[in-house]
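Read the structure below first, then the notes.
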Amino acid sequence: MRRNTAGHAEPDQKAGDRPSVAEPVAFATRQPPKNLSALAYTEIARLIEKKELRAGEVVVEQNLAAYLGISRTPVRQALQRLELEGLLVKSNTKSFVVRKVDLKEYLQSLKAREIMESAAAGMCVELAPAERIAAAKATLGRLKVSERYDQEEHWASDREVHDIVADFCGNQVVGNIVKSLRVTTKLFEVERLAERLEPDTRQHEVILDKIEQRDAAGARKAMADHIKSLFQFALDTVA
(Lines give C-alpha, C1' and ligand atoms only; values in the text may rest on other atoms or scores of the structure.)
Protein backbone atom coordinates (compact mmCIF):
# COMPACT_ATOMS: atom_id res chain seq x y z
CA MET A 1 0.00 0.00 0.00
CA ARG A 2 1.02 3.62 -0.46
CA ARG A 3 -0.44 6.99 0.53
CA ASN A 4 -2.22 9.32 -1.87
CA THR A 5 -1.97 13.13 -1.87
CA ALA A 6 -4.37 13.38 1.06
CA GLY A 7 -2.57 10.76 3.13
CA HIS A 8 -5.08 7.93 2.60
CA ALA A 9 -3.92 4.39 1.87
CA GLU A 10 -4.58 3.01 -1.59
CA PRO A 11 -3.33 0.01 -3.62
CA ASP A 12 0.18 0.05 -5.01
CA GLN A 13 0.43 1.09 -8.65
CA LYS A 14 3.13 0.45 -11.20
CA ALA A 15 5.28 3.31 -12.41
CA GLY A 16 3.50 5.19 -15.17
CA ASP A 17 -0.02 4.34 -13.96
CA ARG A 18 -0.47 7.96 -12.89
CA PRO A 19 1.29 10.19 -15.43
CA SER A 20 -0.12 13.28 -13.71
CA VAL A 21 2.15 12.52 -10.77
CA ALA A 22 5.32 12.23 -12.81
CA GLU A 23 4.77 15.46 -14.68
CA PRO A 24 4.90 17.90 -11.73
CA VAL A 25 7.98 16.15 -10.36
CA ALA A 26 9.64 16.65 -13.74
CA PHE A 27 8.77 20.32 -14.07
CA ALA A 28 9.69 21.01 -10.46
CA THR A 29 13.27 19.90 -10.97
CA ARG A 30 13.69 22.25 -13.91
CA GLN A 31 12.23 25.42 -12.42
CA PRO A 32 13.92 28.15 -10.38
CA PRO A 33 12.67 28.34 -6.78
CA LYS A 34 10.59 31.47 -7.37
CA ASN A 35 8.38 29.55 -9.83
CA LEU A 36 7.77 26.54 -7.63
CA SER A 37 5.01 28.14 -5.58
CA ALA A 38 3.06 29.04 -8.74
CA LEU A 39 3.53 25.55 -10.13
CA ALA A 40 2.41 23.99 -6.85
CA TYR A 41 -0.64 26.28 -6.83
CA THR A 42 -1.62 25.22 -10.36
CA GLU A 43 -1.27 21.52 -9.65
CA ILE A 44 -3.09 21.58 -6.29
CA ALA A 45 -5.92 23.62 -7.82
CA ARG A 46 -6.13 21.01 -10.57
CA LEU A 47 -6.39 18.20 -8.00
CA ILE A 48 -9.26 20.05 -6.31
CA GLU A 49 -10.96 20.75 -9.64
CA LYS A 50 -10.80 17.06 -10.61
CA LYS A 51 -12.06 16.04 -7.15
CA GLU A 52 -8.86 14.09 -6.48
CA LEU A 53 -8.80 16.26 -3.37
CA ARG A 54 -12.41 16.22 -2.34
CA ALA A 55 -14.56 18.59 -0.29
CA GLY A 56 -13.85 18.26 3.43
CA GLU A 57 -10.58 16.42 2.85
CA VAL A 58 -7.50 17.39 4.87
CA VAL A 59 -4.63 18.55 2.66
CA VAL A 60 -1.35 17.18 3.97
CA GLU A 61 1.50 19.57 3.18
CA GLN A 62 4.24 16.97 3.51
CA ASN A 63 2.46 14.51 1.20
CA LEU A 64 1.89 17.18 -1.43
CA ALA A 65 5.55 18.20 -1.30
CA ALA A 66 6.57 14.58 -1.89
CA TYR A 67 3.99 14.23 -4.67
CA LEU A 68 5.31 17.32 -6.44
CA GLY A 69 8.97 16.58 -5.76
CA ILE A 70 9.61 19.97 -4.13
CA SER A 71 10.21 21.34 -0.65
CA ARG A 72 7.38 22.21 1.72
CA THR A 73 7.91 26.00 1.56
CA PRO A 74 6.48 26.58 -1.95
CA VAL A 75 3.68 24.11 -1.16
CA ARG A 76 2.82 26.11 1.98
CA GLN A 77 2.81 29.32 -0.07
CA ALA A 78 0.50 27.72 -2.62
CA LEU A 79 -1.86 26.51 0.10
CA GLN A 80 -2.01 29.99 1.62
CA ARG A 81 -2.90 31.45 -1.77
CA LEU A 82 -5.63 28.82 -2.27
CA GLU A 83 -7.00 29.73 1.18
CA LEU A 84 -7.18 33.40 0.22
CA GLU A 85 -9.06 32.46 -2.95
CA GLY A 86 -11.57 30.37 -1.02
CA LEU A 87 -10.63 26.89 -2.23
CA LEU A 88 -9.20 25.87 1.14
CA VAL A 89 -10.15 26.67 4.74
CA LYS A 90 -8.41 26.13 8.07
CA SER A 91 -9.77 23.41 10.34
CA ASN A 92 -9.90 23.57 14.15
CA THR A 93 -6.50 21.86 14.15
CA LYS A 94 -5.13 24.57 11.82
CA SER A 95 -4.78 22.07 8.97
CA PHE A 96 -5.85 23.08 5.47
CA VAL A 97 -9.09 21.44 4.33
CA VAL A 98 -10.76 21.55 0.91
CA ARG A 99 -13.73 23.84 1.38
CA LYS A 100 -17.13 22.15 1.32
CA VAL A 101 -20.06 23.96 -0.30
CA ASP A 102 -23.54 22.56 0.35
CA LEU A 103 -26.58 22.86 -1.91
CA LYS A 104 -28.01 25.87 -0.08
CA GLU A 105 -24.81 27.90 -0.41
CA TYR A 106 -24.43 26.82 -4.03
CA LEU A 107 -27.93 27.95 -4.99
CA GLN A 108 -27.59 31.22 -3.09
CA SER A 109 -24.25 31.88 -4.81
CA LEU A 110 -25.83 31.21 -8.20
CA LYS A 111 -28.52 33.78 -7.42
CA ALA A 112 -25.80 36.28 -6.52
CA ARG A 113 -23.97 35.42 -9.75
CA GLU A 114 -27.15 35.96 -11.73
CA ILE A 115 -27.21 39.54 -10.47
CA MET A 116 -23.50 40.37 -10.49
CA GLU A 117 -22.26 38.43 -13.48
CA SER A 118 -25.17 39.43 -15.69
CA ALA A 119 -24.33 43.06 -14.95
CA ALA A 120 -20.64 42.39 -15.61
CA ALA A 121 -21.49 40.77 -18.96
CA GLY A 122 -23.26 43.93 -20.05
CA MET A 123 -20.38 46.07 -18.78
CA CYS A 124 -17.70 44.15 -20.68
CA VAL A 125 -19.08 44.50 -24.19
CA GLU A 126 -17.04 47.63 -24.96
CA LEU A 127 -13.83 46.38 -23.39
CA ALA A 128 -13.50 42.67 -24.17
CA PRO A 129 -10.65 42.17 -26.69
CA ALA A 130 -11.63 40.58 -29.99
CA GLU A 131 -8.73 38.12 -29.74
CA ARG A 132 -9.93 36.81 -26.36
CA ILE A 133 -13.44 36.31 -27.73
CA ALA A 134 -12.06 34.53 -30.79
CA ALA A 135 -9.87 32.27 -28.67
CA ALA A 136 -12.82 31.32 -26.44
CA LYS A 137 -14.94 30.57 -29.49
CA ALA A 138 -12.18 28.39 -30.93
CA THR A 139 -12.04 26.39 -27.70
CA LEU A 140 -15.81 25.91 -27.78
CA GLY A 141 -15.53 24.72 -31.36
CA ARG A 142 -13.03 22.04 -30.36
CA LEU A 143 -15.27 20.91 -27.50
CA LYS A 144 -18.22 20.50 -29.84
CA VAL A 145 -16.37 18.11 -32.17
CA SER A 146 -14.51 16.16 -29.49
CA GLU A 147 -15.40 12.47 -29.48
CA ARG A 148 -14.88 11.99 -25.75
CA TYR A 149 -15.78 14.00 -22.68
CA ASP A 150 -12.86 15.63 -20.88
CA GLN A 151 -13.74 17.39 -17.63
CA GLU A 152 -10.54 19.46 -17.60
CA GLU A 153 -11.26 20.77 -21.10
CA HIS A 154 -14.84 21.51 -20.06
CA TRP A 155 -13.68 23.53 -17.04
CA ALA A 156 -10.96 25.27 -19.07
CA SER A 157 -13.49 26.45 -21.64
CA ASP A 158 -15.88 27.55 -18.89
CA ARG A 159 -13.10 29.56 -17.23
CA GLU A 160 -12.10 31.14 -20.54
CA VAL A 161 -15.60 32.48 -21.20
CA HIS A 162 -16.34 33.69 -17.67
CA ASP A 163 -12.90 35.26 -17.23
CA ILE A 164 -13.58 37.53 -20.20
CA VAL A 165 -16.59 38.90 -18.34
CA ALA A 166 -14.79 39.29 -15.01
CA ASP A 167 -11.53 40.64 -16.43
CA PHE A 168 -13.01 43.22 -18.80
CA CYS A 169 -16.14 44.49 -17.05
CA GLY A 170 -14.28 47.71 -16.27
CA ASN A 171 -14.77 47.46 -12.50
CA GLN A 172 -12.19 45.50 -10.52
CA VAL A 173 -14.44 45.15 -7.47
CA VAL A 174 -17.24 43.65 -9.55
CA GLY A 175 -14.77 41.39 -11.35
CA ASN A 176 -13.32 40.10 -8.09
CA ILE A 177 -16.79 39.43 -6.67
CA VAL A 178 -17.71 37.45 -9.77
CA LYS A 179 -14.53 35.38 -9.53
CA SER A 180 -15.08 34.73 -5.83
CA LEU A 181 -18.65 33.56 -6.45
CA ARG A 182 -17.42 31.28 -9.23
CA VAL A 183 -14.95 29.66 -6.84
CA THR A 184 -17.86 28.84 -4.52
CA THR A 185 -20.12 27.43 -7.22
CA LYS A 186 -17.32 25.40 -8.78
CA LEU A 187 -16.54 23.72 -5.47
CA PHE A 188 -20.04 22.31 -5.29
CA GLU A 189 -19.87 18.70 -6.38
CA VAL A 190 -22.64 18.40 -8.96
CA GLU A 191 -23.00 14.88 -10.27
CA ARG A 192 -23.46 14.08 -13.98
CA LEU A 193 -21.33 17.07 -14.95
CA ALA A 194 -20.86 15.65 -18.47
CA GLU A 195 -24.54 16.36 -19.07
CA ARG A 196 -23.77 20.08 -18.76
CA LEU A 197 -21.39 20.07 -21.74
CA GLU A 198 -23.99 20.62 -24.46
CA PRO A 199 -26.02 23.35 -22.70
CA ASP A 200 -22.86 25.03 -21.39
CA THR A 201 -21.32 25.11 -24.88
CA ARG A 202 -24.50 26.40 -26.49
CA GLN A 203 -25.11 29.06 -23.83
CA HIS A 204 -21.47 30.18 -23.79
CA GLU A 205 -21.60 30.67 -27.56
CA VAL A 206 -24.61 32.97 -27.17
CA ILE A 207 -22.84 34.96 -24.44
CA LEU A 208 -19.75 35.39 -26.61
CA ASP A 209 -21.84 36.34 -29.66
CA LYS A 210 -23.62 39.10 -27.71
CA ILE A 211 -20.33 40.43 -26.33
CA GLU A 212 -18.79 40.36 -29.80
CA GLN A 213 -21.81 42.23 -31.19
CA ARG A 214 -21.41 44.83 -28.39
CA ASP A 215 -25.00 44.08 -27.36
CA ALA A 216 -25.05 44.91 -23.63
CA ALA A 217 -28.69 44.00 -23.05
CA GLY A 218 -28.26 40.77 -24.99
CA ALA A 219 -25.11 39.86 -23.04
CA ARG A 220 -26.87 40.47 -19.72
CA LYS A 221 -29.80 38.27 -20.75
CA ALA A 222 -27.56 35.51 -22.14
CA MET A 223 -25.57 35.36 -18.90
CA ALA A 224 -28.72 35.38 -16.76
CA ASP A 225 -30.23 32.56 -18.85
CA HIS A 226 -27.04 30.53 -18.47
CA ILE A 227 -26.94 30.86 -14.69
CA LYS A 228 -30.65 30.10 -14.38
CA SER A 229 -29.96 26.94 -16.35
CA LEU A 230 -27.24 25.96 -13.85
CA PHE A 231 -29.67 26.59 -11.00
CA GLN A 232 -32.37 24.40 -12.52
CA PHE A 233 -29.86 21.66 -13.33
CA ALA A 234 -28.82 21.50 -9.68
CA LEU A 235 -32.45 21.27 -8.57
CA ASP A 236 -33.13 18.49 -11.07
CA THR A 237 -30.04 16.41 -10.29
CA VAL A 238 -29.29 17.06 -6.62
CA ALA A 239 -32.21 18.56 -4.71
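The values are calculated or read from the model by the stated rules, or taken from the named source; none is laboratory data. Owing to the predicted nature of the structure, the values given are computational and were not obtained by experimental measurement. Glycine gets a Cβ as well: all are built from the backbone with ideal geometry, and neighbour counts include every protein chain shown. These area figures cover heavy atoms from the full protein model, side chains too; ligands, DNA and RNA do not enter into them. Shrake-Rupley method; radii C 1.70, N 1.55, O 1.52, S 1.80 Å.
The table for this structure:
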{"item": "Three-way shape call for the range 171-239 based on the alpha-carbon gyration tensor, with the a/c threshold at 1.5", "result": "oblate"}
{"item": "Degrees separating the helix 130-145 axis from the principal Cα axis of the chain, which is the longest one", "result": "70"}
{"item": "Computed [θ] at 222 nm, deg cm²/dmol, the chain (DSSP H ≥ 4; -39,500 (n - 2.57); rounded to nearest 500)", "result": "-22000 deg cm²/dmol"}
{"item": "Overall form of the range 80-200 per C-alpha gyration tensor (a/c, 1.5; a/b vs b/c)", "result": "oblate"}
{"item": "Anisotropy class of the range 153-206 from Cα gyration tensor, a/c 1.5 cut", "result": "oblate"}
{"item": "68, 84, reordered so the largest accessible area comes first (probe 1.4 Å)", "result": "84, 68"}
{"item": "Paramagnetic reach from residue 171 in the range 200-228 [backbone N under 15 Å; point 7 Å along Cα→Cβ]", "result": "217, 220"}
{"item": "Computed accessible area, residue 169, all protein chains, 1.4 angstrom probe, square angstrom", "result": "10"}
{"item": "Residue-span extension gain [residue 58 to residue 180] - 0.36 nm each, minus C-alpha spacing", "result": "41.7 nm"}
{"item": "Nearby aspartates and glutamates by direct alpha-carbon distance to residue 210 (threshold 20 angstrom, same-chain neighbours under 8 apart not counted)", "result": "114, 117, 126, 131, 158, 160, 163, 167, 198, 200, 225"}
{"item": "Candidate values (i) 44, 39, 37; (ii) 73, 46, 23; (iii) 55, 39, 38, label of the one derived for Cα extents along the principal axes in Å", "result": "(iii)"}
{"item": "Qualifying chymotrypsin sites (Phe, Trp or Tyr not before Pro) for the range 123-200 [loop in DSSP, other Cβ within 10 Å: at most 12]", "result": "149"}
{"item": "Between 0 and 90°, nearest 10: helix 33-49 axis offset from the chain longest Cα axis", "result": "70"}
{"item": "With DNA, RNA and ligands ignored, accessible area of residue 42 (1.4 Å probe; Å², nearest 10)", "result": "90"}
{"item": "Accessible-area ranking of 174, 206, 145, largest first, probe 1.4 Å", "result": "145, 206, 174"}
{"item": "Solvent exposure ordering (accessible area, 1.4 Å, most first) of 73, 201", "result": "73, 201"}
{"item": "Tilt relative to the chain, helix 19-30 - C-alpha long axis, 0 to 90 degrees, to 10", "result": "80"}
{"item": "Residue 232 paired with residue 93, simple spin-label distance in nm, labels 7 Å along Cα-to-beta-carbon", "result": "4.5"}
{"item": "Heavy atoms of residue 125: accessible area, 1.4 Å probe, square angstrom to 10", "result": "10"}
{"item": "Of all accessible heavy-atom area on the chain, the percent that carbon and sulfur account for (1.4 Å)", "result": "52"}
{"item": "Accessible surface, per residue, of the range 99-150 when the full set of protein chains is kept, probe 1.4 Å, Å²", "result": "56"}
